1. Looking at 166, 161, 193 in this structure, which one is more than 30 Å from residue 323 (Cα to Cα) and modelled with pLDDT of 85 or more?
2. Counting just the residues of the range 109-147 that are at pLDDT below 80 and basic (Lys, Arg), which one comes out nearest to the chain's Cα centre (by Cα)?
3. Here are the criteria: (1) in contact with a Cys (Cβ under 9 Å, 6 or more places away or on another chain); (2) under 13 Å from residue 368 (Cβ atoms). Tell me which single one residue 256 does not satisfy.
4. Could you figure out which of (1) under 24 Å from residue 362 (Cβ atoms); (2) surrounded by fewer than 20 Cβ atoms within 10 Å (Cβ to Cβ); (3) among the aliphatic types (A, V, I, L, M); (4) modelled with pLDDT of 90 or more isn't true of residue 234?
5. All but one of (1) in contact with an Asp or Glu (Cβ under 9 Å, 6 or more places away or on another chain); (2) at pLDDT below 85 hold for residue 260; which doesn't?
6. Residue by residue through the range 221-231, note down the ones that are surrounded by fewer than 24 Cβ atoms within 10 Å (Cβ to Cβ), in contact (Cβ under 8 Å) with a residue 40 or more places away in the chain and not in a loop (DSSP other than H, G, I, E, B).
7. Within the range 288-330, how many residues are of a type in the set (S, T, N, Q) and closer than 16 Å to residue 230 by Cβ?
8. Checking the structure you have, find out if any residue of the range 14-23 is surrounded by fewer than 21 Cβ atoms within 10 Å (Cβ to Cβ), at pLDDT 75 or above and either within 24 Å of the chain's Cα centre (by Cα) or within 30 Å of residue 355 (Cα to Cα) (or both).
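The values are calculated or read from the model by the stated rules, or taken from the named source; none is laboratory data. Quick caveat: nothing in here was measured; it's all calculated off a predicted structure. Here the Cβ positions follow ideal geometry from the backbone for every residue, glycine too, while neighbour counts run over all protein chains shown.
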Amino acid sequence: MTTAPIVTSTMDADAAPRIRRHRFGFALAIVAQIAMMTGASAPSPFYPVLAAEIGFDAIVISAVFAVYAIALLLALLTAGSLSDHVGRRPVAIGGFLLLAASMLLFWHADTVVTLMLARILQGAASGVLISTLSAAALDLAPRGRARTAALWNALSPGIGLALGALLAGIALDLTRAALLDVFAPLTVVYVTLAALFFVAPETAPLRAGAWASLRFRLSVPSAVRGDFWRGAPAIIAGWATGGLFLSLGATIVRSELGGEAHTWQGLSVAMLAGVGAITAFTFRHRSARTSVIFGTAALTVGTALSLVALAVGSLPFYLAVTAVTGMGFGTAFSGVVASLAPRIPATERADAFAVIYVLAYLAFAVPAVVAGMLVGVFGLGAVCVGYGAVVIALAVTALVLRVRRAA
């Protein structure tokens, strides 16, 4: 009669620390994603400044952006599922130490070569961290709340991108040593995160095949394959928009709209990504279908209005409609992720998120690089019109596909 309460008490005592540790790990994975993306957008407001100081034009800006995306994609394609085999913690620790090294290079970026190397290291680190942190958040989500993890996985990029661009723009306007004031703290943050992952819970059991997982592959679990391809146009439209803003956004604000203050240049990225994150959070209780429909519609309308703002040369109007575009940027992607994440088998999570982000970063990089190459031929204004037309076409396609689907 007396043994049952004693056993229950012991089980409760064992369970409480484990629950607290899992909550800590979940929060750490989300904070780490935000911090990683903060560093991804922080260089954007610096591009016009470094272009003037070092001496390079739009095509070099696009090349710097491209090497980041290429390194990220190569890392995703080779090591994207590594944490499914060796564990989340060692991959996260190594990734953040590599990110810290890239921040040190940004801090001392005085040549194109240094800038390129910094972006390559950052891209490689981000490539392994994206799938690892996304999978860790899903592993550690409160029981039965995979949708919560999916929401934060979709929100984190927007929050981080907004913070990085805005803080870097403000630092450029207010401080005399902006490179130091932005990238030195980020270096410390990344080293600290690496240390914290030593005490985070491990959720991925060791599995054979770690070396084999480093081969190039793209594998979408059969359970979500159809919905993945139906959601692809929405992912492409949203991330292609983000790529333009992070590569040439500051140049557009400065040369096409007269926004000389660096804060305005950073604000354009912050409006896109920040409003996107806020809107995705607002839609967290809506169905994935509703989020994608709203997001693709907002992308269509916001992109069309941004072309009008560029035509009339109005910076306030441009920033206002960037918020509309941001609503689409956030909810289209979060809706697609929310529709897929709960149905991904636990043993294929890192692999699946690697594929999602490979598509996202291809859309993020390739159109932006092409745009940078075409600026010298057609001019920035004409390139923006063509770019906007492609995004509108993709968003409308995604909207039609989702409307036709009942769920």
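1. 193
2. 147
3. So the condition that residue 256 fails would be (2).
4. So residue 234 meets the others, but not (2).
5. Against the list (1) in contact with an Asp or Glu (Cβ under 9 Å, 6 or more places away or on another chain); (2) at pLDDT below 85, residue 260 comes up short only on (1).
6. Result: 227, 228, 230.
7. Residues in the range 288-330 being of a type in the set (S, T, N, Q) and closer than 16 Å to residue 230 by Cβ: 3 in total.
8. yes
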